[in-house]
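Enquirer: There's a structure below that I have some questions on.
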Amino acid sequence: DTGVSQDPRHKITKRGQNVTFRCDPISEHNRLYWYRQTLGQGPEFLTYFQNEAQLEKSRLLSDRFSAERPKGSFSTLEIQRTEQGDSAMYLCASSPRDLPGRDTQYFGPGTRLTVL
Amino acid sequence: AQSVTQPDIHITVSEGASLELRCNYSYGATPYLFWYVQSPGQGLQLLLKYFSGDTLVQGIKGFEAEFKRSQSSFNLRKPSVHWSDAAEYFCAVGRGSSNTGKLIFGQGTTLQVKP
């Protein structure tokens, strides 16, 4: 069990550029979550996958955001035409099969995005 | 709608002193409750969780939390704080109408430990 990994750990980009983040969950975890955390706040839910199916998206996830989890393994989160308001820590978590809400989510170290 | 409130944004305690971090939640049924800790620049580590049964739950690193339904609270405690406990602590509720298991987090409490 190597834990949840995220790449890159830090990303600095200019406004208007596209960025993509990757999350590798703990192997055999079928659930994968993306959260966003801004300074001084708790994480906020963005989206959720069960295997390869994206089952819920937050209203925070504008049409500039897209997430995928092909083959139910790693996931990517892409932000198009970045804005300064997108600057945040993007956290990924995975969990094994269990009752919804009861599953223990294991978090990765996060990707810190800075939009200049 | 579900919500979690952590009334204390910042707490300072002396090393060796006892600690209590407050968490209040809003949810219609019995919630699933979690406490996570986050060190600077790091992801979140689960300290403990409550689903049902005994309302006093034990976690890692000597932490415990007590679920009080009448007060809608799930306060985190530790009898003797160590300098390494300095971090940010988040309370979260994990049972929602969407059935996805997404967590709703509080704003967090930053713990500073004085030598």
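The values are calculated or read from the model by the stated rules, or taken from the named source; none is laboratory data. Source: prediction; values computed, not measured. For neighbour counting, all protein chains shown are included, and Cβ atoms are generated from backbone atoms with ideal geometry for every residue, glycine included. When the accessible area is computed, the model is the full protein with side chains, heavy atoms only, and any ligands, DNA or RNA have been set aside. Shrake-Rupley method; radii C 1.70, N 1.55, O 1.52, S 1.80 Å.
Enquirer: Let me spell it out: the conditions are (1) surrounded by fewer than 21 Cβ atoms within 10 Å (Cβ to Cβ); (2) modelled with pLDDT under 95; (3) in a strand (DSSP E or B), and A:Q41 meets all of them except one. Which number is the exception?
Expert: (3)
Enquirer: To continue, here is another question. Can you tell me which of (1) open to solvent by 50 Å² or more (accessible area, probe 1.4 Å); (2) closer than 24 Å to A:G40 by Cα; (3) among the small types (G, A, S) is the one B:S80 doesn't meet?
Expert: Only one criterion in (1) open to solvent by 50 Å² or more (accessible area, probe 1.4 Å); (2) closer than 24 Å to A:G40 by Cα; (3) among the small types (G, A, S) is unmet by B:S80, namely (2).
Enquirer: How about the range B:8-55: which of its residues are aliphatic (A, V, I, L, M) and open to solvent by 70 Å² or more (accessible area, probe 1.4 Å)? Break it down into steps so the answer makes sense when it comes.
Expert: Let us first name the residues in the range B:8-55 that are aliphatic (A, V, I, L, M), namely B:9, B:11, B:13, B:17, B:19, B:21, B:29, B:33, B:37, B:44, B:46-48.
Answer for the range B:8-55, where residues must be aliphatic (A, V, I, L, M) and open to solvent by 70 Å² or more (accessible area, probe 1.4 Å): just B:I9.
Enquirer: Still on this model: If only one of A:T38, A:T20 is within 14 Å of chain B (Cβ to nearest Cβ) and polar (S, T, N, Q), which one is it?
Expert: Selected residue: A:T38, the only one of A:T38, A:T20 that is within 14 Å of chain B (Cβ to nearest Cβ) and polar (S, T, N, Q).
Enquirer: Still on this model: Across the range A:44-72, what is the number of residues that are assigned to a loop (DSSP other than H, G, I, E, B), open to solvent by less than 50 Å² (accessible area, probe 1.4 Å) and of a type outside the set (A, V, I, L, M, F, W, C)? Steps first, please.
Expert: Going residue by residue through the range A:44-72, those that are assigned to a loop (DSSP other than H, G, I, E, B) are A:51-52, A:58-64, A:69.
Filter again for open to solvent by less than 50 Å² (accessible area, probe 1.4 Å), leaving A:58, A:61-62, A:64, A:69.
With of a type outside the set (A, V, I, L, M, F, W, C) added as a condition, the list becomes A:58, A:62, A:64, A:69.
Residues that pass the stated criteria total 4.
Enquirer: Quick one: would you say B:T5 is open to solvent by 60 Å² or more (accessible area, probe 1.4 Å) and out of contact with any His (no Cβ under 9 Å at 6 or more places or on another chain)?
Expert: Spelling it out, B:T5 is indeed open to solvent by 60 Å² or more (accessible area, probe 1.4 Å) and out of contact with any His (no Cβ under 9 Å at 6 or more places or on another chain).
Enquirer: If I go through the range B:58-77 residue by residue, how many of them are on the phi < 0 side of the Ramachandran plot, surrounded by fewer than 20 Cβ atoms within 10 Å (Cβ to Cβ) and without any contact (Cβ under 8 Å) to a residue 40 or more places away in the chain?
Expert: From the range B:58-77, those on the phi < 0 side of the Ramachandran plot are B:58-60, B:63-71, B:73-77; that's our starting set.
From what's left, surrounded by fewer than 20 Cβ atoms within 10 Å (Cβ to Cβ): B:58-60, B:64, B:66, B:68-71, B:73, B:75, B:77.
With the extra rule that they be without any contact (Cβ under 8 Å) to a residue 40 or more places away in the chain, the set shrinks to B:58-60, B:64, B:66, B:68-70.
Counting residues in the range B:58-77 that are on the phi < 0 side of the Ramachandran plot, surrounded by fewer than 20 Cβ atoms within 10 Å (Cβ to Cβ) and without any contact (Cβ under 8 Å) to a residue 40 or more places away in the chain gives 8.
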